[in-house]
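Q: Have a look at this one before I ask anything.
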Amino acid sequence: QELSASPTSVQSANADIDYGQIPGHATSAADAVKACVQSLLKSKHPTWVQLLRELWPPEWQGKYSCPVVLLVMSLYGHPEAGARWYAHLEKVIREELHGEPVDGHPSSFWIPEMLIVLTVHVDDVLIRTRD
């Protein structure tokens, strides 16, 4: 599948950090916890994975020796996981936070209701605000 995320540029990330140095402004960073598994995989090509024994339901114990299950969530390491995560996050930013893309700054969004610029780099989020 043709999937990609538009990674932020070094210039955009530096602009966010620099903006936070201006008196009355701030930049904060956060790591999206369990980022990839927040989005569905939705792959055209099914991926089957072997589950760790610790994740088996009790009724599987003694019944199976090497069960595999269909991968439904975008597990980190899957070739499509990063792009699926980014598509999921972008949808949330646009639809729930009413974010608008910032021209010339890939993966950066202006959220007028909160007066913030949010920049995404893989599973890290930079937010710049005015105090």
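The values are calculated or read from the model by the stated rules, or taken from the named source; none is laboratory data. Note that the structure is predicted; figures quoted are calculated from it, not measured. Using ideal geometry, Cβ is built from the backbone for each residue, glycine included, and neighbour counts are taken over all protein chains shown. Accessible surface is based on the protein model in full, side chains and every heavy atom, while ligands, DNA and RNA are left aside. Shrake-Rupley method; radii C 1.70, N 1.55, O 1.52, S 1.80 Å.
Q: Scan the stretch 81-103 and report the pairs whose first residue is on the phi > 0 side of the Ramachandran plot and assigned to a loop (DSSP other than H, G, I, E, B) and whose second residue is modelled with pLDDT under 90 and surrounded by fewer than 19 Cβ atoms within 10 Å (Cβ to Cβ), with Cβ atoms within less than 6 Å and a gap of 6+ or a chain change.
A: Pairs that qualify, where the first residue is on the phi > 0 side of the Ramachandran plot and assigned to a loop (DSSP other than H, G, I, E, B) and the partner is modelled with pLDDT under 90 and surrounded by fewer than 19 Cβ atoms within 10 Å (Cβ to Cβ): there are none.
Q: Tell me which residues, restricted to the stretch 99-131, are in contact with a strand residue (DSSP E or B) (Cβ under 9 Å, 6 or more places away or on another chain), open to solvent by 30 Å² or more (accessible area, probe 1.4 Å) and hydrophobic (A, V, I, L, M, F, W, C).
A: 102, 110, 114, 115, 126, 127
Q: Take the residues in the stretch 40-66 that are in a loop (DSSP other than H, G, I, E, B) and touching a strand residue (DSSP E or B) at 6+ places or on another chain (Cβ under 7 Å), then tell me which one is farthest from residue 109 (Cα to Cα). Steps first, please.
A: Filtering the stretch 40-66 down to residues in a loop (DSSP other than H, G, I, E, B) leaves 41-47, 51-52, 56-57, 61-66.
Then drop every residue that is not touching a strand residue (DSSP E or B) at 6+ places or on another chain (Cβ under 7 Å), which leaves 41, 46, 51, 66.
On the way: 41: 24, 46: 33, 51: 37, 66: 45 Å.
In this case the residue turns out to be 66.
Q: Confirm whether residue 77 is within 21 Å of residue 121 (Cβ to Cβ), in a loop (DSSP other than H, G, I, E, B) and modelled with pLDDT under 85. If you could, list the steps in order and put the result at the bottom.
A: Working: within 21 Å of residue 121 (Cβ to Cβ): yes; in a loop (DSSP other than H, G, I, E, B): yes; modelled with pLDDT under 85: yes.
Spelling it out, residue 77 is indeed within 21 Å of residue 121 (Cβ to Cβ), in a loop (DSSP other than H, G, I, E, B) and modelled with pLDDT under 85.
Q: Taking the residues in the stretch 42-78 that are of a type in the set (A, V, I, L, M) and touching a residue at least 24 places away in the same chain (Cβ under 8 Å) as candidates, determine which candidate is farthest from residue 88 (Cα to Cα). Steps first, please.
A: Within the stretch 42-78, the first condition is being of a type in the set (A, V, I, L, M), and the residues that meet it are 49, 51-52, 55, 68-73, 75.
Pick out the ones that are also touching a residue at least 24 places away in the same chain (Cβ under 8 Å) and you get 49, 70-73, 75.
Values: 49: 22, 70: 20, 71: 17, 72: 14, 73: 12, 75: 14 Å.
Per the criteria, the residue is 49.
Q: From the list 27, 47, pick out the single residue that is closer than 23 Å to residue 11 by Cα and β-branched (Val, Ile, Thr).
A: Result of the check over 27, 47: 27.
This table checks each residue for (1) surrounded by 15 or more Cβ atoms within 10 Å (Cβ to Cβ); (2) over 24 Å from the mean Cα position of the chain (by Cα); (3) within 30 Å of residue 116 (Cα to Cα).
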site: 54; (1), (2), (3): no, yes, no
site: 62; (1), (2), (3): no, yes, no
site: 68; (1), (2), (3): no, yes, no
site: 71; (1), (2), (3): yes, no, no
site: 85; (1), (2), (3): yes, no, yes
site: 97; (1), (2), (3): yes, no, yes
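Q: A follow-up question, please. Looking at the stretch 23-39, which of the residues that are assigned to a strand (DSSP E or B) and hydroxyl-bearing (Ser, Thr, Tyr) is surrounded by the fewest Cβ atoms within 10 Å (Cβ to Cβ)?
A: Of everything passing the filter in the stretch 23-39, 28 is surrounded by the fewest Cβ atoms within 10 Å (Cβ to Cβ).
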